[in-house]
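Notes follow the structure.
Read-outs: derived from the displayed coordinates by stated rules, not from any lab. Owing to the predicted nature of the structure, the values given are computational and were not obtained by experimental measurement. Positions of Cβ are backbone-derived with ideal geometry, glycine not excepted, and every protein chain shown enters the neighbour counts.
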Amino acid sequence: MPRALITGGNRGIGYAMAQGLLARGCDVVIGARDAQAGAKAATELGCDWVHLDLEDAASFAPAIEAAGGVDILINNAGILIEDSMVRHPEGLRRSMQVMFHAPFELILLCLPHMEQAGQGRIINVSSGWGAYDEGMEGPGGYGVAKAALNALSFALPRDLPPGVTVNAMCPGWVHTRMGGAAAPGTPEQGADTGIWLALDAPADVTGKFFRNRQEKAW
């Protein structure tokens with residue numbers, strides 16, 4: 001029964017991933033910035049939660065310690081800031097913190113347990129907006145931060161311990177608070193590839209980018 005930590009697991013795609021992993025018998029912990037939202041979602045799901053604010057690095061180590069040994073890390077939490085990177089550069093700085101720097105720091109904190117266990121799976125929830133193959137679209141610094149996360153997912157396998165994998169995934173355009181009401185996909189559809197990578201993908205698949213369980217170009 002692997003233990004999974006999902007950042008931003010109190011709503012949207014993260015919540016759907018938690019549901020899916022729990023249904024498969026995993027021990028799930030959701031990370032949430034808002035204590036009330038985290039506690040409420042954990043009660044609904046029937047799982048544990050930890051306070052984890054990706055813009056507050058001081059919350060990282062206590063959250064990982066409270067979560068216990070993490071076998072599956074899903075870096076799901078994200079922000080969408082649509083302001084111009086030139087006129088409002090703080091938006092890019094925040095995007096990079098939440099969607100690149102924080103995921104990397106959480107990976108580092110989870111690796112000692114994974115290395116000791118001889119296995120671990122890291123899933124970075126990215127976006128086609130961060131893919132050069134799709135033209136690096138999207139507003140503000142969102143695509144830049146996701147491109148950095150993609151690059152990390154591609155390059156990190158060379159330094160990971162044996163048995164530990166990392167992959168990126170695009171959930172597609174999903175009807176969530178970030179995706180908006182016009183999005184055609186459900187959170188469950190968006191979560192499917194992440195659950196597959198966490199539990200069912202071949203053990204030697206690493207450094208890849210997926211959408212709908214199919215490898216896609218960076």
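A few remarks follow.
- Take 30-40, 52-62 and order them by the average number of nearby Cβ atoms within 10 Å per residue, most first; the result is 30-40, 52-62.
- Length-normalised contact order of the chain in % [C-alpha pairs under 8 Å, at least 6 apart]: 18 percent
- DSSP beta bridge pairing in the stretch 3-215, given as percent antiparallel to the nearest 5: 5 percent
- Cys47 long-range amide H proximity, modeled H, under 5 Å: none
- Take every pair of alpha-carbon atoms less than 8 Å apart whose residues are at least six positions apart; their mean separation over the length of the stretch 10-98 yields a relative contact order of 22 percent.
- Taking Lys and Arg as +1 and Asp and Glu as -1, the other residues whose beta-carbon sits under 12 Å from that of Leu152 total 0.
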